[in-house]
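Q: Have a look at this one before I ask anything.
Bear in mind that the values in this text are calculations on the coordinates, not laboratory data. Computed from a predicted model, the values in this text were never measured in an experiment. Reconstructed Cβ throughout: ideal geometry from the backbone, glycine too, with neighbour counts over all protein chains shown.
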Amino acid sequence: MLDVRKLRLLCDLERLGTIAAVAQARSYTPSAVSQQLATLEREAGVALLERSGRRVAFTAAGQVLARHAATVLSALEETDAALAAVRSGPAGPLRIGAFPTAVRTLLPAALVTLGRDHPALELMVTELDPAQVPAALRERRLDVGLLNDYDVAPGDVDPDLDSVPLLEETVFLAVPVAARCGTLAEARDQPWIMASEGTLCHDVTLRVCAAEGYRPRVRHRADDFVTVLALVGAGQGVSLVPELAASPVEGVRLIPLGLRRRTRIAYRKGAAGHPAVAALVAALS
């Protein structure tokens with residue numbers, strides 16, 4: 001019988017590419033991951049990986065097993081959801097990951113509703129950039145997470161996750177009222193307030209500016225839009241701000257752009273029928 005935990009490691013390796021990356025994601029040592037995969041090969045009775053120095057590649061059998069392992073893991077998730085529905089309905093821990101603006105604007109009302117209607121749920125919220133949510137879901141650090149994508153940065157189709165749409169927003173260019181710019185092209189010579197490198201907001205800003213033929217000149221870095229708008233209002237630069245965070249601030253002019261941001265509620269494939277997941281989706285929708 002093949003071990004589910006080892007199958008997860010095989011799927012991780014297919015997704016991440018290296019044993020070192022799998023070890024880091026799972027908080028294992030590389031040697032421990034290698035040993036587990038070697039045991040899986042013995043259980044399968046066929047070579048799954050070809051090793052060349054520090055690199056590994058999937059054999060034909062390894063590719064087949066990884067593909068079926070993903071199906072098995074999804075089926076187990078669906079089975080767990082079905083059993084949870086029979087047992088007790090929405091109850092137990094529900095770990096939610098969301099970006100700061102959503103934690104501030106979208107989640108509070110949903111949490112109040114869930115606490116009232118399903119008091120057996122243990123609600124736990126973690127602020128997390130959308131770029132970090134898929135890994136947190138796969139590694140079972142979260143049960144549900146909010147994902148973003150933009151017109152200029154469409155979300156990848158993740159075979160391990162399912163999602164449902166939550167909302168779609170206009171994105172604004174936030175500029176100081178004294179600034180003489182009203183378009184992205186005219187913001188070329190303005191200092192910019194940008195998110196941290198590696199975040200989706202940072203990537204989107206680079207893309208929209210590149211489409212206008214320039215790279216933004218960064219003055220400040222901030223990931224919370226309340227801080228961003230305060231800096232814009234203080235004349236410190238311009239920034240992109242989605243509608244959800246675009247509250248009126250003295251000294252700030254908000255210019256709507258032909259750019260949209262979409263937010264989705266994501267969870268592991270097969271988990272849609274889990275009572276706790278379904279309850280959160282209903283409370284947010």
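Q: What full-extension length gain, to one decimal in nm, is calculated for VAL177 and VAL125 as 0.36 nm per residue of separation minus the Cα-Cα distance?
A: On the way: separation 52, 0.36 × 52 = 18.72 nm, distance 3.60 nm.
Separation in residues times 0.36 nm, less the Cα-Cα distance, equals 15.1 nm.
Q: Using every pair of alpha-carbon atoms in the range 42-151, split the distances into 5 Å bins beginning at 0 and state the percent of pairs per bin, rounded to integers.
A: Reading the bins upward from 0: 2, 10, 13, 15, 15, 13, 10, 9, 6, 5, 2, 0.
Q: State the extension gain, in nm to one decimal, for the chain segment bounded by LEU257 and ARG215, taking 0.36 nm per residue of separation less the distance between their alpha-carbons. Display every interim value, and only then the final one.
A: On the way: separation 42, 0.36 × 42 = 15.12 nm, distance 1.81 nm.
Extra length available between LEU257 and ARG215 comes to 13.3 nm.
Q: Right, something else. In whole Hz and in residue order, list the ³J(HN,Hα) couplings for the range 260-274 that follow from phi through the Karplus curve 6.51 cos²θ - 1.76 cosθ + 1.60, θ = phi - 60°; x for Gly and Pro.
A: Rounded to whole hertz, the list is 10, 10, 10, 10, 10, 9, 10, 7, 5, 4, x, 8, 4, x, 5.
Q: At a 10 angstrom cut-off on C-beta neighbours, averaged per residue, how do the peptides 96-109, 181-194, 202-215 rank from highest to lowest?
A: Those peptides, ordered most packed to least, come out 96-109, 181-194, 202-215.
Q: Using only the C-alpha atoms of the range 150-209, find the volume of their convex hull and express it per residue in Å³.
A: 113 Å³
Q: Which percentage, to the nearest 5, of the DSSP beta bridges contained in the chain is antiparallel?
A: Approximately 65 percent, going by the DSSP bridge assignments.
Q: May I pose another question? Which semi-axis lengths, in whole Å and largest first, follow from the square roots of five times the eigenvalues of the Cα gyration tensor of the range 242-285?
A: Its equivalent ellipsoid spans semi-axes of 34, 13, 6 Å.
Q: While we're on this one: What shape does the range 213-259 have by the C-alpha gyration tensor, where a ≥ b ≥ c are the square roots of the eigenvalues, rounded means a/c under 1.5, and otherwise prolate means a/b greater than b/c and oblate the rest?
A: oblate
Q: So what does the Cα-only Debye profile of the range 1-49 read at q = 0.21 Å⁻¹, as log10 I(q)/I(0), no solvent term?
A: Each listed q maps to, in turn, -0.64.
Q: Relative to 2.2 N^0.38 Å, what does the C-alpha radius of gyration of the chain come to as a ratio? Two decimals please.
A: 1.18
Q: Something else about it: Starting from the 7 Å offset along Cα-to-Cβ, what nm value, one decimal, do you get for the label separation of ALA47 and ALA21?
A: Output for this residue pair reads 2.3 nm.
Q: Next question, about the same structure. Fully extended, how many nm does the chain gain between ASP203 and ALA38 (0.36 nm per residue separation, minus their Cα-Cα distance)?
A: 55.5 nm
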